[in-house]
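A quick write-up on the structure given underneath.
The values are calculated or read from the model by the stated rules, or taken from the named source; none is laboratory data. These numbers come from a predicted model, not from an experiment. We place every Cβ from the backbone using ideal geometry, glycine too, and count neighbours over all the protein chains shown. Side chains included, ligands, DNA and RNA excluded: accessible areas come from the protein's heavy atoms. Shrake-Rupley method; radii C 1.70, N 1.55, O 1.52, S 1.80 Å.
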Amino acid sequence: MAVPTDPAIEEEEEHGGPTHHPSAPLDESFDISTTVDPSYIISLIRKLLPSGSASQTAPKRTLSISNEEEGAPVSAANDNDHEHLNSSSYKYENMDVDDSGEVFCQQGECDGTSNAGKEQDWEEYGCILWDLAANTTHAELMVENLILDVLLANLLVCKSPRVTEISIGIIGNLACHEIPMKHIVSTNGLIEIIVDKLFMDDPQCLCEICRLLAVSLQSGESVAWAEALQSEYTLCQILWIAENTLNLQLTEKSIGLILAILESQQKVVDALVPPIMKLGLTSILINLLAFEMSKLMNERIPERYTILDLILRALEALSVIDDHSQEICSSKELFQLICDLIKFPDKVEVGNCCVTAAILIANILSEVADHASEISQDFGLLAGLLDIFPFASDDLEARNALWNVIARIMVRIQETEISPSSLYHYVSVLVNKTDMIEDELLNQQLVNSSHEQEGLSPGSTVDARNTSLKKMINILNQWTDAKETTENKLDADDIVDEKDVKRLLDCCHKFYK
């Protein structure tokens, strides 16, 4: 939906704006520079005085706005405009609303039949502000002109899910900016009413609430939000939503909220993680992972891949939190699930998920070393780990984790004692992945030596890589030395090309230090 024609809006060029509910990380600024007149924004705020029964079936709207300079925020008002705003500031109780913005929800009762036109108007104005709140300049202007008081009034008196969704959506975009976030926290009763809305049964409203809470827990005001969330009753509801919703978007947003709790500052972690763990977070995440893995193996639904990655990231975050990592790392079901993911053949579809799984496996092996012995004979897992290197080329932590896991597996291989069949399978896996091994070693060579020492414990990345390369060399030499004896004991099809073996052996020697 484009901004309605208004003399206060100067359009220099058409440019599609963001969706009306972008989920913007805190470390990203919104690249929206507009020439929307501040007086127009103020008029929209006035038209949002408590209203109700906004249509739930009305289409979602996005905003088309003009840009002066791509990627550079531009102030929406000049000095004269600011003087006008300062002189025309008003208090909530003195607001006068024109006919188009007239209050249509009286005494908390919303009549959806007699006010359909006004409901549509309210939704239209709200969606425009929802979009505009993604811009820092506009967001600061809105909070200075009491939009939070207006939205709080709507949340208190109107029971329409659509009104609630839009109101929370606007606040969610405002929360992405530092100054508006401070206004949100200081608005008496606003945080409490937002948390209370977690008990609604409307998926779209809950999506916006989870998004807002996730953003807030990653902000500089996270402690205030954690205090509002720390009751067992509220945390139970968050877990219930994540575990029971059938709405894909709400599943993603609710798990994203859990991840935000786990990745928040230490004070928030200390306040929220112990009680949410007691409520069964670990088992819920593992059950969700099992469900997503079954979907991945059977249906391949791209819309679910983000959910799978969020679950893995939440489990990874838990695996490094003191006092809670053991519960994650000791789960045999979890370990089997992530090993199955590593062995998943179509990694192009879930490459990021596999990278996260590799880091999680490394964390688990650091806590439960016996798992390495269990998987040392799993040739499919070894092949799967090597397959992940291309997806982790820009992720130093993930590459460190991969080498660490491979080293832990390979030191348990006794190449002089294993059967000819097992020796063949190891050699076959390694030779088939020669290109990936070589590319990773070349890539690693370009990494600054100081960064190379930041590998996962025990030992550095260099140590883990060298341990792996040494074992590869030993296995390949054992195959070459026992070639005639070994091949006589194998099927005719179990043959490895000598040239391929030599190529990999030369590569390992070249990079072994």
Item checked: residue 137, sole failed condition from (1) within 18 Å of residue 192 (Cα to Cα); (2) surrounded by fewer than 22 Cβ atoms within 10 Å (Cβ to Cβ); (3) not acidic (Asp, Glu) -> (1)
Item checked: Candidate set from region 389-439 (those that are basic (Lys, Arg) and more than 18 Å from residue 374 (Cα to Cα)); member that is modelled with the lowest pLDDT -> 399
Margin query: So, in region 272-283, exactly how many residues are under 12 Å from residue 230 (Cα atoms) and crowded, with 19+ Cβ neighbours inside 10 Å?
Written below: 3
Item checked: Checklist (1) within 22 Å of the chain's Cα centre (by Cα); (2) open to solvent by less than 10 Å² (accessible area, probe 1.4 Å) applied to residue 381, failing item -> (1)
Note to self: Just to verify a result, which residue in region 217-253, among those that are β-branched (Val, Ile, Thr) and under 17 Å from residue 190 (Cα atoms), is most open to solvent (accessible area, probe 1.4 Å)?
What the structure shows: 223
Note to self: Suppose we filter 129, 146 for residues that are open to solvent by 10 Å² or more (accessible area, probe 1.4 Å) and at pLDDT 90 or above; which single one remains?
What the structure shows: 146
Check: If you go through region 350-359 one residue at a time, do you hit one that is in contact (Cβ under 8 Å) with a residue 24 or more places away in the chain, surrounded by fewer than 20 Cβ atoms within 10 Å (Cβ to Cβ) and either in contact with a Gly (Cβ under 6 Å, 6 or more places away or on another chain) or assigned to a helix (DSSP H, G or I) (or both)?
Finding: yes
Check: residue 461 fails exactly one of the following numbered conditions: (1) at pLDDT 85 or above; (2) of a type in the set (Ser, Thr, Tyr); (3) open to solvent by less than 20 Å² (accessible area, probe 1.4 Å). What is the number of that condition?
Finding: (1)
Next item on the list: Please verify whether region 401-422 includes one or more residues that are free of Cβ contacts under 8 Å to residues at least 40 places away in the same chain and among the small types (Gly, Ala, Ser).
Entry: yes
Note to self: Can you report the number of residues in region 178-200 which are farther than 28 Å from residue 244 by Cβ and open to solvent by less than 10 Å² (accessible area, probe 1.4 Å)?
What the structure shows: 3
Margin query: Kindly evaluate residue 231 against the criterion of being touching a residue at least 60 places away in the same chain (Cβ under 8 Å) and polar (S, T, N, Q).
Written below: no
Note to self: When the residues of region 411-435 are narrowed to those that are within 20 Å of residue 507 (Cα to Cα) and open to solvent by 60 Å² or more (accessible area, probe 1.4 Å), which ends up nearest to the chain's Cα centre (by Cα)?
What the structure shows: 435
Notebook entry, point to check: Among the candidates 342, 311, 258, 328, which residue alone is within 19 Å of residue 385 (Cα to Cα), of a type outside the set (S, T, N, Q) and buried (at least 22 other Cβ atoms within 10 Å of the Cβ)?
Noted result: 342
